[in-house]
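The values are calculated or read from the model by the stated rules, or taken from the named source; none is laboratory data. Only a predicted model underlies this, so the values are computations on that prediction, with no experimental measurement involved. Cβ placement follows ideal geometry from the backbone for every residue including glycine, while neighbour counts extend to all protein chains displayed. For the accessible areas, the whole protein counts, side chains as well, though only heavy atoms, and no ligand, DNA or RNA atoms are used. Shrake-Rupley method; radii C 1.70, N 1.55, O 1.52, S 1.80 Å.
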2 protein chains.
Amino acid sequence: MRRFVAERTKHLIRKNFLSSSNNHSFLSSQSSFFSSSSSSSTIVDPSSMESSSGVTLQTINPKVLKCGYAVRGAIVTQAEKLNEQLKKEPGTLPFDEILFCNIGNPQSLGQQPITFFREVLALCDHPTILDKSETQGLFSADSIERAWQILDQIPGRATGAYSHSQGIKGLRETIAAGIEARDGFPANPNDIFLTDGASPGVHMMMQLLLRSEQDGILCPIPQYPLYSASIALHGGTLVPYYLDEATGWGLEISNLKSQLETARSKGVTVRALVVINPGNPTGQVLAEENQKQIVEFCKKEGLVLLADEVYQENVYAPDKEFYSFKKIARSMGHEEKDISLVSFQSVSKGYYGECGKRGGYMEVTGFSADVREQIYKVASVNLCSNITGQILASLVMSPPKVGDESYVAYAAEKEGILSSLARRAKTLEDAFNSLEGVTCNKAEGAMYLFPRLQLPEKAIKAAEAEHIAADAYYARRLLEETGIVVVPGSGFGQVPGTWHIRCTILPQEDKIPAIVERLTAFHKKFMDEYRD
Amino acid sequence: MRRFVAERTKHLIRKNFLSSSNNHSFLSSQSSFFSSSSSSSTIVDPSSMESSSGVTLQTINPKVLKCGYAVRGAIVTQAEKLNEQLKKEPGTLPFDEILFCNIGNPQSLGQQPITFFREVLALCDHPTILDKSETQGLFSADSIERAWQILDQIPGRATGAYSHSQGIKGLRETIAAGIEARDGFPANPNDIFLTDGASPGVHMMMQLLLRSEQDGILCPIPQYPLYSASIALHGGTLVPYYLDEATGWGLEISNLKSQLETARSKGVTVRALVVINPGNPTGQVLAEENQKQIVEFCKKEGLVLLADEVYQENVYAPDKEFYSFKKIARSMGHEEKDISLVSFQSVSKGYYGECGKRGGYMEVTGFSADVREQIYKVASVNLCSNITGQILASLVMSPPKVGDESYVAYAAEKEGILSSLARRAKTLEDAFNSLEGVTCNKAEGAMYLFPRLQLPEKAIKAAEAEHIAADAYYARRLLEETGIVVVPGSGFGQVPGTWHIRCTILPQEDKIPAIVERLTAFHKKFMDEYRD
């Protein structure tokens, strides 16, 4: 029954997709990865009630139907059910724990928050304790001082008030100073828009730029599905460019150019280029030279550069370094007027991993004042982002410095997390590369591995019989037999005919040997079952 | 120069508006209140830089251009500039303080947060202090106990992890129990979607329901401009129904019906009815009988009922009480399947006023499982709402109870805030009613007064000469001469030819006499200048 309903949904989605995109068959055939991932994420209760208001899958906004988001798709829903089962009926599954390697959510897997950051947040949440003597015994002196500084930046010290729609001005000044220190080029607090994580900023820019499906956004394939989802929700067209797996997920300007030209020849106005650096799901860190080419390309073609830089602190390859696109552009001599550039940053990633706090910002440069005013207006409709997240965004851009009381502890916590992530990345990369038919590029940065699976023809056929992608089939079997949750590559997009999975490097180190063991045993069994 | 650019913008907006809406002139002529408020909020720097990417007002999404949000419009921008001037050059203005009566932001005007709530938040932000002996001296015993309870509801006690996309399950259970206690009817934790304030929930429903401008939403006029803004951003049509000022902003079902029929005759599919109760900006509390008629109307006409119930704790009229629409519907014998109903609640209002925490929820009932799955999918694209806001939403729906250590202090804080708000509402209402040509309905609830101004013809002419609405002119003069910030009625919509302002009742009580005095003197002077 479920299969029947899923089929009906898939049909609906295809119908919507084709009817709205038949002028762009080239693009739609490539973007259809995402709608298919959507269909697999739509699990429908067969006892489905009709609503009195006539709201059905047939009558809702088809853009919503079209949007897919694999990171929380069908595999994850199934994992949550199995997790419940383990709690209620321990011993009924072939494993005793679900290992969520599907999402970049470090603290859910045991990563501890940075103490200094949490001290400051607690003090700002309950400032009346700042003056009490017991507080000195509980909190570091510099966290108390920082809390006072932050409170003094907030009108009336009111951490429970709506702020300016771009965020508290003093915090934006702190963030701008942090960007300046990072880049060596000036940053303007008025360019900073504080947001509830990076996602709302991405939505805001898509909302601004996309007028209809005739407007396109160049996106990497594979990509983090926020982008495909946001483009679908805002009714635009995803114009794909492929990252080259053979060269460590390199970004070829020639490929960018040809995809841009193809899109233009189909009547699509390409408005922006998305670059995720360090890459998600692919983990590469772009070379400086490559970034320069990208800047030049955007400038020449009149594209907004949407730079997803949320993994800027997550670089593990010793020969690689993170450079912001703003730094690259300015170091090439390009001024504000030369390139429209939006950089997204989040408190969810880095060594801090504060996903649940929903803090982040976008730095918006190279737009005219009247367009900026429109961005401000859209931000103001939601009043402001949450103040706790705003404070945290200022803290990650201005952590304790040498000499501060908390510095030694802070530096040790940071180094402990980042060096452990680097070790975990290497161990898992080696494990994947040791499997039959699996090749895995190095995780130079970010939080993911994206190994390629050469799946046997028989496995692909088995998946087809169940109307799911072959990598989704592999991921489902992996979950059912080992409790390990990964996301099928088809949720991110991939070269047709290739199969991947995305696996985070986030389980704590003491869990890694068991993961490697279970994964290796599962893969061998899977291959034994399906080997051609 | 600024005027020239504003004119150009207005022209653009009109052009966009007309070209996209010429099939619905009836509706567009009524909604044009909101687009005109947008134009006045677009203050353009004359030295406006052209962007390299060709992103201009002409090439951005026209829905963004069309959207207006008066609560943070031109008057507020001007007030912020004057506020800066007061700081830098004290004594250069005819007042020494800006009084922000434009927005329901209680803590920005000195309202203190509820101690118990902040204690729990601080402990959840920094749980490592829970076990320390100093903590017992700083925090109440029940806040410590509540923090433990909440942490135990969070997998791994990780307050820095993304939660389930609907919010932490244990917190949703607490909220559902709070709704049950309020209504006397069951609530299901799976119906609760925790959100960053109420606004994202409203956007999510608009995104779901609106397919094109052929889809309409019945909205009260006057209305809180989030609704007009969200409908504009999602490309639908606002179908207005007028609240009747003469009967204390009553909601006439006959008016609802005729507006629905007119919209249908223009080819608009009306999908939902928005009701704000207690009302914003109008402050009325609906009578139970009226609520029953509304439920019956939605059921009969197949409309989703979008119930903005964020002011549920703000009822001042002794003869009025808040009833949720769910309670009303269930008490009429209507089951889940009989009516599609979404109730919005927020931590920003009530006696708590925690606007900056961005917490809230929507309770979604009466939709089929497959549509619910789509709402979940959209929620999951943004991962989850902020955990601090989630915790606070659970606290406001489950505050301390009789016998808890914090209860007496909590009850006194709550009573102090609500009784003071009632006194302030009465004093300001009387003050407005004492002014020449001003009539002001009672604030039965919410946080606002919405007095009607009979403006002299000469004042209207003076406003026309400056290309702004007459009430915007009055509000600007009021700001420039007294420092009091109110929002012109034209930002909320009003019967054509009538003029209003919205003024919050939120300044602290010791400020009220000065506000009344300045307002009275200003009004007299204004009338002396313009009286016909």
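Worth pointing out:
- Scoring A:Gln149 on the criteria (1) facing chain B (nearest Cβ under 9 Å); (2) of a type outside the set (D, E, K, R); (3) farther than 20 Å from B:Asn102 by Cα leaves a single failure, condition (1).
- Of all residues making up the range B:209-225, the number that are within 11 Å of another protein chain (Cβ to nearest Cβ) and surrounded by fewer than 24 Cβ atoms within 10 Å (Cβ to Cβ): 3
- One residue stands out among those in the range B:369-384 that are facing chain A (nearest Cβ under 7 Å) and of a type in the set (Gly, Ala, Ser): the one that is farthest from B:Lys349 (Cα to Cα), which is B:Ala369.
- Looking only at the range A:229-257, and only at residues there that are open to solvent by 10 Å² or more (accessible area, probe 1.4 Å), under 24 Å from A:Gly283 (Cα atoms) and hydroxyl-bearing (Ser, Thr, Tyr), the one that is modelled with the lowest pLDDT: A:Thr247
- Residues that are closer than 17 Å to A:Ile60 by Cα, among the aliphatic types (A, V, I, L, M) and either in contact (Cβ under 8 Å) with a residue 24 or more places away in the chain or not in a helix (DSSP H, G or I) (or both) within the range B:365-398 comprise B:Val371, B:Ile375, B:Val378, B:Ala379, listed in sequence order.
- Residue under evaluation A:Ser108, criteria (1) in contact with a strand residue (DSSP E or B) (Cβ under 9 Å, 6 or more places away or on another chain); (2) in a helix (DSSP H, G or I); (3) crowded, with 23+ Cβ neighbours inside 10 Å, criterion not met: (3)
- The range B:301-316 residues that are closer than 14 Å to B:Lys327 by Cβ, paired with ones that are at pLDDT below 95 (beta carbon under 9 Å, 6 or more apart): B:Leu305/A:Ser53
- Scanning the range B:49-98 for residues that are charged (D, E, K, R) and part of a helix (DSSP H, G or I), we see that the one that is nearest to the other protein chains (Cβ to nearest Cβ) is B:Arg72.
- Some residue of the range A:155-170 being among the β-branched types (Val, Ile, Thr) and within 14 Å of chain B (Cβ to nearest Cβ): yes
- Hey, B:Asp183 touching a residue at least 60 places away in the same chain (Cβ under 8 Å), charged (D, E, K, R) and on the phi < 0 side of the Ramachandran plot or not: yes
- Scanning the range B:112-123 for residues that are in a loop (DSSP other than H, G, I, E, B) and at the interface with another protein chain (Cβ under 8 Å from one of its Cβ atoms) returns a single hit, B:Pro113.
- Test result for B:Lys401, out of contact with any helix residue (DSSP H, G or I) (no Cβ under 9 Å at 6 or more places or on another chain) and either in a loop (DSSP other than H, G, I, E, B) or free of Cβ contacts under 8 Å to residues at least 60 places away in the same chain (or both): no
- Matching residues, the range A:57-73, being open to solvent by less than 30 Å² (accessible area, probe 1.4 Å) and either small (Gly, Ala, Ser) or over 20 Å from the mean Cα position of the chain (by Cα) (or both): A:Leu57, A:Ile60, A:Asn61, A:Leu65, A:Gly68, A:Ala70, A:Gly73
- Residue count for the range B:130-144, restricted to those that are part of a helix (DSSP H, G or I), within 11 Å of chain A (Cβ to nearest Cβ) and surrounded by fewer than 24 Cβ atoms within 10 Å (Cβ to Cβ): 6.
- Output for the range A:386-395, where each listed residue is at the interface with chain B (Cβ under 7 Å from one of its Cβ atoms) and either polar (S, T, N, Q) or open to solvent by 10 Å² or more (accessible area, probe 1.4 Å) (or both): A:Asn386, A:Thr388
- Hits in the range B:396-427 (condition: within 25 Å of B:Tyr448 (Cα to Cα), within 14 Å of another protein chain (Cβ to nearest Cβ) and open to solvent by less than 40 Å² (accessible area, probe 1.4 Å)): B:Val396, B:Ile417
- Residue ranges of strands (runs of 3 or more DSSP E) in the range B:264-358 with at least 2 members at the interface with chain A (Cβ under 10 Å from one of its Cβ atoms): B:269-276, B:304-308
- For the range B:433-532, the helices (runs of 4 or more DSSP H) that sit wholly inside it and include 2 or more residues that are surrounded by 16 or more Cβ atoms within 10 Å (Cβ to Cβ) and basic (Lys, Arg) are B:470-482.
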